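The values are calculated or read from the model by the stated rules, or taken from the named source; none is laboratory data. Just so it is clear, the model here is predicted, and its values are computed rather than measured. Methodologically, a virtual Cβ is constructed for each residue, glycine included, from the backbone with ideal geometry; neighbour enumeration extends over all protein chains shown. For accessibility, only protein heavy atoms count, side chains too; no ligands or nucleic acids. Shrake-Rupley method; radii C 1.70, N 1.55, O 1.52, S 1.80 Å.
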Amino acid sequence: MREFKTLFLVVFLFLIFSGCEKKDWKEPVKVHWDRDMCERCKMAISERKYAVQVIDPKTHKHYKFDDIGCTILWFKEENISNNSNMIIWVKDGKYDRWIDARKAYYSTDKLSPMGYGFTAFKKREDINSNEIIEFNEVEQRVLKIGR
């Protein structure tokens, strides 16, 4: 009987600790679609092709957004002028995957959740658009619109 209790305890502890998965803080966290709110505009994040996550490397805190435009304006509103150390993930407009927002290519002719009109793609050849821009240009245009 004592061997059974010991075996039970070992199996129980193994199951508990194997369920504790250590996650890399630099990676995007799960988005609870239609429940998580945009950090800036407080609207529900529903459209998967436009979701954005920002990770602060100092605090490891994740911030979620419904549109790249909200992300850029949030940096301005929060006086985060030097955001180059922030990790920015954006959803790929063709595939359901997170990509580096600064390395992405953007189309300018789709209607995004907050109307900024930028859709991110990992590969330039995945874009079927008359205009393809990079992250720096997205930043400049959003700040110019400024709403």
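Here the chain exposes an accessible surface that is 52 percent carbon and sulfur, computed with a 1.4 Å probe and the other protein chains kept in place. Placing a label point 7 Å from the Cα of K23 along the Cα-to-Cβ direction, the residues of the range 65-108 whose backbone N falls under 15 Å from that point are 65, 89, 98.
Near the amide H of I127, within less than 5 Å, lie no amide hydrogens of residues on another chain or at least 5 residues away, with H placed in the peptide plane. Here is the size of the chain from its Cα atoms: Rg then Dmax, 19.8, 74 Å. Normalised per residue, the accessible area of the chain is 66 Å², obtained with a 1.4 Å probe and no contribution from ligands, DNA or RNA. For F75, neighbours were defined as the other residues whose beta-carbon sits under 14 Å from its Cβ, and their charges (Lys and Arg +1, Asp and Glu -1) total -3. Using the empirical formula 2.2 N^0.38 Å as the baseline, the Cα radius of gyration of the range 18-93 reaches a ratio of 1.11. The modelled label-to-label distance between K30 and A44, using points 7 Å beyond Cα along the C-beta direction, is 1.8 nm.
Available extension along the chain between S129 and N79 is 14.7 nm, counting 0.36 nm per residue and deducting the alpha carbon span.
Annotation for the range 106-142: GluC sites (Glu not before Pro) lying in DSSP loop with at most 15 further Cβ atoms inside 10 Å of their Cβ are E131.
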